[in-house]
1. Which members of the stretch 13-38 meet the condition of being over 12 Å from residue 62 (Cα atoms) and in a strand (DSSP E or B)?
2. Of (1) surrounded by 11 or more Cβ atoms within 10 Å (Cβ to Cβ); (2) at pLDDT below 80; (3) farther than 25 Å from residue 48 by Cα; (4) charged (D, E, K, R), residue 158 satisfies all except one. Which?
3. Select from the stretch 121-135 the residues that are within 19 Å of the chain's Cα centre (by Cα) and surrounded by fewer than 19 Cβ atoms within 10 Å (Cβ to Cβ) and list them in ascending order.
4. If we scan the stretch 54-64, do we find a residue that is of a type outside the set (Asp, Glu), crowded, with 17+ Cβ neighbours inside 10 Å, in contact with a helix residue (DSSP H, G or I) (Cβ under 9 Å, 6 or more places away or on another chain) and assigned to a helix (DSSP H, G or I)?
5. Tell me, which helices (runs of 4 or more DSSP H) lie completely within the stretch 79-120 with 3 or more residues that are within 13 Å of the chain's Cα centre (by Cα)?
6. In the set 70, 96, which member is acidic (Asp, Glu) and under 22 Å from residue 193 (Cα atoms)?
7. Note down all Cβ pairs under 9 Å where the first residue falls in the stretch 180-195 and is in a helix (DSSP H, G or I), the second is acidic (Asp, Glu) and modelled with pLDDT under 80, and they're at least six residues apart or on different chains.
8. Would you check if residue 49 is surrounded by 13 or more Cβ atoms within 10 Å (Cβ to Cβ) and either out of contact with any helix residue (DSSP H, G or I) (no Cβ under 6 Å at 6 or more places or on another chain) or charged (D, E, K, R) (or both)?
Amino acid sequence: MIALLSGKLLEKNANSAIIDVGGVGYEVTIPLSTFYELGEVGNEVQLRIYTHVREDAIQLFGFKTARERDLYLKLISVQGVGARSGITMLSGMGADEIIAAVRTDNVAKLTAIPGVGRKTAERLVVELRDKVGDLVPDVSPGAGTLSVQTSGVEAVFDDALSALVNLGYQKNAAEKALQQSLKEGTEPNVQKLLRAALQRLAK
């Protein structure tokens, strides 16, 4: 099983990245939290990997920190949370917020994530309440920093909209949240625009 990839970032978008490891390009599905931290194309990167094996495919899911990967593994251990919906959860809400919601029985906050219904949120709380306490705060170098990658506003808007729709948000609601974020002065940068729009959509 692949547990870690270390190599050059060949390509990235909000939902996936391609890592060149010794001349072999690995496509990795990632949450937005990891996308924010990847840096520029061409940089050396290291991702913690969960290898998901199905009868018809092998999929790689990548995370910037071991803590995120550990939380992801706990999430997908809950009935009703699949490999992709676990990624959606980490994209729709930060690891600290998910942990806090689980530990405080905040079902309403968890159901704000696309695709998470009340029953699934209740199962998350019941099954993980006593298991998430061992996830220590993230103190990895560079945690919390953003790489700035500015391009035309239209292209940035389209990329951010595509990412939100792929996460399960309604297109109209996603467009509105992005437009409001731009009007209020959010920098036309995919990472920052996504963060601002997600904050609006979570309200």
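1. Selection gives 20, 21, 24, 25.
2. (2)
3. 135
4. Residues of the stretch 54-64 of a type outside the set (Asp, Glu): 54, 57-64.
Among the residues that remain, those that are also crowded, with 17+ Cβ neighbours inside 10 Å are: 60-64.
With the extra rule that they be in contact with a helix residue (DSSP H, G or I) (Cβ under 9 Å, 6 or more places away or on another chain), the set shrinks to 61-64.
After this cut, where a residue has to be assigned to a helix (DSSP H, G or I) as well, the list is none.
Scanning the stretch 54-64, I find no residue that is of a type outside the set (Asp, Glu), crowded, with 17+ Cβ neighbours inside 10 Å, in contact with a helix residue (DSSP H, G or I) (Cβ under 9 Å, 6 or more places away or on another chain) and assigned to a helix (DSSP H, G or I), so the answer is no.
5. Once the helices (runs of 4 or more DSSP H) in the stretch 79-120 are filtered for at least 3 residues that are within 13 Å of the chain's Cα centre (by Cα), what remains is 83-92, 95-103.
6. Values: 70 fails: under 22 Å from residue 193 (Cα atoms).
Of the residues listed, the single one that is acidic (Asp, Glu) and under 22 Å from residue 193 (Cα atoms) is 96.
7. Note: pairs meeting the criteria are 193/187.
8. Working: surrounded by 13 or more Cβ atoms within 10 Å (Cβ to Cβ): yes; either out of contact with any helix residue (DSSP H, G or I) (no Cβ under 6 Å at 6 or more places or on another chain) or charged (D, E, K, R) (or both): yes.
Yes.
The values are calculated or read from the model by the stated rules, or taken from the named source; none is laboratory data. Predicted, not measured: the structure shown is a model, and the values here were computed from it. Positions of Cβ are generated from backbone atoms using ideal geometry, with glycine treated the same way; all protein chains shown enter the neighbour counts.
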